[in-house]
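Note sheet for the following structure.
The values are calculated or read from the model by the stated rules, or taken from the named source; none is laboratory data. Here the structure is a predicted model, which means the values were calculated and not measured. Positions of Cβ are backbone-derived with ideal geometry, glycine not excepted, and every protein chain shown enters the neighbour counts.
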Amino acid sequence: MGNSISDCFPFEFNTANMGNNSSSASKEPKQTTLAYLKERYPFSESEILRLVRCHSYLRSARKIRQSFLSDWAVFCATLPPDIDTSLQSHPQLPSDETLKVLRMLRKKRAHVMSIIEGRVLPSGFGRRLERVAFLLPKDIIDYRSSSMVESPTATPIITKSVHPPRIEEDYHYNCTKAPCIKSPCCCFFCSDEEEKDRYNRRALLSNPPSTTTPPPDRSLERLDKFLQGASECSRRGAKASFSILFQCCTRTNHGRVTSDDSFVSSPSSGEMMASAEEVLDLGYSLALASTLLTSDEEELINEQKNNNLVEKAALDALVKSLKEYCTTHSSPSYHSTNGTTSSSSSNSSEDQTIPLHLFLEWSERTVPLLHSCFATFMHTIYFPDLHVPSMITQFEFPNLKGNTSPLLGDKHSTLLFSLACMSPNLSGTWHRLFTTDNDGLSFNRLQLSLLGYNGPTLLIIRSTSGGIFGAYTASRWKESKDFYGTRDCFLYQLYPTVKMYRPKGGVAQNYMYCNPFARSRGGDKQAHGIGFGGTTTQPRLFIDESFDNCVGASGDGTFEAGPLLPPSSSTPGASSQKYFDVDAIEVWGVGGDDVVKNALHARSKQREIIDANIQKARQVDKRQFLDDFNTGIFESKAFAHKQQVQGRVDLHIEE
C-alpha cells in the first residue's frame, strides 16, 4: 500500500525541546507506511488507523481528564462513524442531535470506567499498565504541563477530575478554522490559545521506506512502543499478556508494590516473580470489568446502588491450585525464596510469590482461557464496536438466563469464573437441565433430562463432605451398557482446589457411560448409573442410581490422574477419598445460544419418539394375547414393545 500514516492521521512529535521551532537534524522527515505496520502488528488496517489516532489523542491532549484507561475507553467509544473510513475527504460535521448523543455516550462510558477503576480493578492498575506496556523506559506523561518528557524517576501524574471531556474539546466540530494538520482525516481543530498549549504535530512523508526498518526516531519509538503494547496485551498470546500482568503485580523483597516497572527476580534465573493472589485477583477483575463494559447501563447503575456489584468471593480454590502446582513442580531455589520446603504445605506462605514460567504451565493445564480475560478487556477498550477477532478466544461469564445455581453462587462468582476459564464452551449461555433443588434426588428425572440432549453438558456435583467436582462432555447422551463419547470431554475439581483432567489419548477411550437399571432389569450384571472413565467395575467417576456410595477415584486409563474429592477429614494423611454421597447435583446445557437451542430441539424429538412408542405399546392385540396365554407362549409379538419402553441402545433420531 502506498499510503503513509500521514495520509490518514496527524502525528505529533513529542520531544523534550518541543518549543524549539528551529530546523535541526532531529527534524528530518521520518517515513513509515501502513503496510509496514500491518506486517509488524496483528491488527487490521482499520484497527491500526484507530490505534494511531488514539495514540495521537492520548499524547496530544492538553491535560488528562480521568486516567489513561478511562480516556482511551471514552475516546474509542465516541468516535464518529466515519472516522476510520473517510480517508479521501474531511468527515462531515455532525448535527447538534448527533453531538447530543455522543455527549450522552461519553458521559455513560466515563461513568462505567469510574466504577471499574474505582471498585473493580486494583488501585493504580491503569497507571502501571501504561508504565509497563505503553511508554518508553524513561518517558512520562506530565499531564499538568501537557508534555512528554524523559525522566529516570518520574511517575505519571493523574488529575482528580471525574467529569468526562466535552466532545467539542476533542473534536472541535463547531470550529470553522482549518485543521492544524492538513490531513484528510484530521478532525482536531485548535484555537489560538490551544495552539500555544498543544503538542507540536507534523505529518510524515508519504514515500515508503527503502528498508524494512524505519529510521530511528523518538516519536516513532513511542508510536512503536504503543502499538507493541496494544498487541502484546491482546494479540500475542498467553505468554506476552501474562508477562505484562506479572510486571503490573510484581513486588519488592519487602512485599510492597513497586512504583515503576521494576520487578522481583528469582535469584537463580532472574525470572519475574509475582504474588499468586494478586495475579489471579487481577485476572478475575479484568474478566468482571469486560462484562461491565458490555452490560446493560441501567443494570449496572442499579447494581451499583444495591452495592452488590463487586462483592468478590475469595479466589482461594484457584490460589491453592496454583501454589500446589508451583510447590510440586518448582526447583529448590523457589522453595527457599518463599520460605517453604518441598514437604511443606503450599499454603504455608500467605504471601507466596510464583515464577512466570510455572504460572504459564499451570494456567495452560488448569485454566487455559485465563489469559483471554486480559485480551478481551483490552479489545473492549480499543474496539468497543467491533467483534472480537478469531485470533482471540473471547472470555465471557456464563449467562444463566435468570436461573440460579446454589452450587456456583451468583452470576459473577469466582466458581463460575474458574469454569469459564476451562473451555470456550463454558462461556456464554447456559440452560439448566436438572437440579436437585427443583427436581429432587431422582435418578429417573436426571436421566430424562440427559437422554436425547444433543449438545455439550456440564455435570456439577457437591458431595456431603463439601467438595465440588464434575465432568464436561460434548457428546450426546444415550443408554448403553458400553462406554461411548469422544475426546471432547474432561473431569474437573472446583473446590476446595481447582484441577482439570483431560483424556490421555491412549488406548483407553472409556469417556462416558449411562446404564440405568431399567434398560436391562439388572440382567447385564453391570453397574447402573452414570459414569466417566475407568471401567464398568472400577469407574473413575460414577453416580449410582441411589446417589449413595458413588465413586470418585484419583486415576484411570482414560483421563489424567489426580483427585476429584477432597482429602478425608478422618484420615488427613490420605491424598483423597474414593467414595462419596451426593448432596446436590446440577446439569447445564452449555455452548451458547444456538448450540443449546438445537440440543433442546433434538431432545424434544427424542421424547416425541419415546411417547409414540409408549402409545404404540399400549395397543396390544388381545386375541394374540389370549392365544399366547392359552398356549403358554408369552414371548410373542404382544410384548414386542418391551425393548422400546426399556430404551434400546440402537434407538436414534432420524434427521
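Would you check if Asp593 is modelled with pLDDT under 90 and under 30 Å from the mean Cα position of the chain (by Cα)? Yes; evaluated as a whole, the condition is true for this residue. Looking across the stretch 425-442, the residues that are in contact with a helix residue (DSSP H, G or I) (Cβ under 9 Å, 6 or more places away or on another chain) and assigned to a helix (DSSP H, G or I) come down to Asn425, Leu426, Thr436, Asp439. Just one of the listed residues (Ser243, Ser321, Ser290) is of a type in the set (S, T, N, Q), within 22 Å of Thr393 (Cβ to Cβ), modelled with pLDDT of 95 or more and not assigned by TED's automatic domain parsing to the domain that holds Leu51, and it is Ser321. In a residue-by-residue description of the stretch 58-80, the property of being modelled with pLDDT under 75, more than 16 Å from Ser219 (Cα to Cα) and crowded, with 21+ Cβ neighbours inside 10 Å applies to at least one position. Restricting the search to the stretch 496-516, which residues are free of Cβ contacts under 8 Å to residues at least 60 places away in the same chain and assigned to a loop (DSSP other than H, G, I, E, B)? If the condition is that a residue be free of Cβ contacts under 8 Å to residues at least 60 places away in the same chain and assigned to a loop (DSSP other than H, G, I, E, B), then Arg502, Lys504, Gly505, Gly506, Val507, Ala508, Gln509, Asn510, Tyr511 are the ones that fit.
Count of the stretch 440-463 residues, restricted to those that are of a type in the set (A, V, I, L, M) and surrounded by fewer than 19 Cβ atoms within 10 Å (Cβ to Cβ), is 2.
Every residue, every condition in (1) modelled with pLDDT under 85; (2) farther than 30 Å from Ala508 by Cα; (3) not assigned by TED's automatic domain parsing to the domain that holds Ser442; (4) not hydroxyl-bearing (Ser, Thr, Tyr), yes or no:
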site: Ser554; (1), (2), (3), (4): no, no, no, no
site: Phe559; (1), (2), (3), (4): no, no, no, yes
site: Gly589; (1), (2), (3), (4): no, no, no, yes
site: Lys616; (1), (2), (3), (4): yes, yes, yes, yes
site: Asp627; (1), (2), (3), (4): yes, yes, yes, yes
site: Ile633; (1), (2), (3), (4): yes, yes, yes, yes
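Out of the stretch 490-520, which residues are farther than 23 Å from Pro566 by Cα and among the aliphatic types (A, V, I, L, M)? If the condition is that a residue be farther than 23 Å from Pro566 by Cα and among the aliphatic types (A, V, I, L, M), then Val507, Ala508, Ala518 are the ones that fit.
Here Ala471 meets each of (1) modelled with pLDDT of 95 or more; (2) in a loop (DSSP other than H, G, I, E, B) with one exception, condition (2). What number of residues within the stretch 373-389 satisfy the criterion of being touching a residue at least 24 places away in the same chain (Cβ under 8 Å) and buried (at least 17 other Cβ atoms within 10 Å of the Cβ)? Final tally of qualifying residues: 11. Taking Pro94 as the residue in question, decide whether it is outside any helix (DSSP H, G or I), modelled with pLDDT of 90 or more and surrounded by fewer than 21 Cβ atoms within 10 Å (Cβ to Cβ). In short, no.
Taking the stretch 121-165 as the range and being among the β-branched types (Val, Ile, Thr) and either modelled with pLDDT of 90 or more or in the same structural domain as Glu278 (by TED's automatic domain parsing) (or both) as the test, only Val132 passes. Annotation: Ile354 fulfils all but one of (1) outside any strand (DSSP E or B); (2) closer than 24 Å to Leu419 by Cβ; the unmet one is (1).
Pairing residues of the stretch 607-625 that are closer than 26 Å to Lys478 by Cβ and hydrophobic (A, V, I, L, M, F, W, C) with residues that are at pLDDT below 75 and not in a helix (DSSP H, G or I), at Cβ distances under 7 Å and at least 6 apart in sequence or on separate chains, gives Ile609/Ile653; Ala617/His641.
Mind checking which residues of the stretch 382-399 are part of a loop (DSSP other than H, G, I, E, B), within 26 Å of Ser413 (Cβ to Cβ) and within 14 Å of the chain's Cα centre (by Cα)?
Matches in the stretch 382-399: Val388, Ile392, Thr393, Gln394, Phe395, Glu396, Phe397, Pro398.
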